[in-house]
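Working notes, structure below.
The values are calculated or read from the model by the stated rules, or taken from the named source; none is laboratory data. What you see is a predicted model; the values in this text were computed from it and never measured. Ideal geometry is used to build each Cβ from the backbone, glycine not excepted, and the neighbour counts take in all protein chains shown.
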Amino acid sequence: MRVSCQLHVNQGDLEIVLPDILKELHSKYKSMQEGAVANYIPELAKVNPDLFSICIVTVDGQVYEVGDYEQLFTIQSISKVFAYGLALEDHGLDYVLTRVGVEPTGDAFNAIVLDEQSKRPYNPMVNAGAIATTSLIKGSGPTERLNRMLDMFRRYIGRDRDVFVDISAFTSERSTGHRNRAMAYLMLNFGMIDRNIEEALDLYFQQCAVIVNCQDLALMAATLANRGINPITKEQAVDSRYIKDILSVMYTCGMYNFAGEWAYKVGIPAKSGVCGGILAVVPHKMGIGVFSPRLDARGNSVRGVKVCEELSQQLGLHLFECSGQSRF
Ligand code: GLU
């Protein structure tokens, strides 16, 4: 039982209760059919809408999972979190801030909108900001930039096998992603992107098409929760000095135009993607991954939001929880 505002997750209790909580949540929401899979990228429309998995990895490397947790899917927008980390490492916060702001938009993730005054995209979690962020990744050419990006994902995922781009998803988005192309040209016009636009877009589409599963999401989240150190491989995936920048922007901007309500109700930094994944971080405690492809009108996984709301309530995960009535 938690007795102060300082969240304290008792590891012993977690081991006992988490497997049952995850099973209960999975069976409770399995029958939920609301929402629809994303179809504006033709490849995404092919996914089985019934897939459903939940996974938690604690900062000491314990893994709890239920459902289709090994099912592979493309990471989509969740990649924006990690590309932001790499851009911060490449250039430092001050420079990145000259190219991408940190203000929530309240608009859809694919809104073609820049800050009136500064001409910057609003934040790195919406498409415009993510494309600008990705254009900052250093490398001598497209191959080196892609390899640096894949290496970065490998550090978070910590698999002994390689991290791959799904070529069908990549080409599907490259041939249909004209809205993203329009944003990129607008930013070129205002000097927010200075590299070859098609190259920057290719890298962005490739990062969105990186293949992961639900376990990977939870482990990546746990790495952010653990000061950037992968709790299983112990590798430093991202410089710990940037964790607060990454988590802050996830907290305020990570859940599309539901970010405010999410912060209010669930209260932890998170990022969702049109693949149906949600990655949520409980700092110093655990990472959560949920995958279920049916999306609500804002682009968030319907079951994923429900599961995270309940997990936050049951475990007392809200960062500002002070009631002392949580289980931990
Ligand atoms: N690749 C997708 C796009 O740029 C990602 C969107 C998302 O997951 O929010 O539209």
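Among the residues making up region 31-46, those that are more than 13 Å from the ligand (Cβ to nearest atom) and either in contact (Cβ under 8 Å) with a residue 24 or more places away in the chain or not in a helix (DSSP H, G or I) (or both) are Ser31, Met32, Gln33, Glu34, Gly35, Ala36. Of all residues in region 252-299, those satisfying the criterion of being within 21 Å of Pro49 (Cα to Cα) and surrounded by fewer than 24 Cβ atoms within 10 Å (Cβ to Cβ) are Arg294, Asp296, Ala297, Arg298, Gly299.
Looking at region 102-117, which of the residues that are buried (at least 17 other Cβ atoms within 10 Å of the Cβ) and either β-branched (Val, Ile, Thr) or modelled with pLDDT of 95 or more (or both) is nearest to Tyr256 (Cα to Cα)? Top of the filtered list is Thr105. When Gln71 is tested against (1) at positive phi; (2) out of contact with any Ser or Thr (no Cβ under 6 Å at 6 or more places or on another chain); (3) more than 15 Å from the ligand (Cβ to nearest atom); (4) not hydrophobic (A, V, I, L, M, F, W, C), only condition (1) is not met. Only one entry of Asp90, Asp50, Asp20 meets the criterion of being surrounded by fewer than 17 Cβ atoms within 10 Å (Cβ to Cβ), away from the ligand (no atom under 16 Å from the Cβ), of a type in the set (Asp, Glu) and over 30 Å from Thr171 (Cα atoms), and that entry is Asp20. Only one of the listed residues (Leu14, Leu25, Leu18) is of a type outside the set (Lys, Arg), in contact with an Asp or Glu (Cβ under 7 Å, 6 or more places away or on another chain) and not in a loop (DSSP other than H, G, I, E, B). That residue is Leu25. Would you say Cys55 is more than 16 Å from the ligand (Cβ to nearest atom), of a type outside the set (Asp, Glu) and at pLDDT below 95? In short, no. In summary, no helices (runs of 4 or more DSSP H) completely within region 121-192 bear 1 or more residues that are within 11 Å of the ligand (Cβ to nearest atom) and at positive phi. If you go through region 69-111 and keep only what is out of contact with any Phe, Trp or Tyr (no Cβ under 6 Å at 6 or more places or on another chain), of a type in the set (Asp, Glu) and outside any helix (DSSP H, G or I), you end up with Glu70, Asp107.
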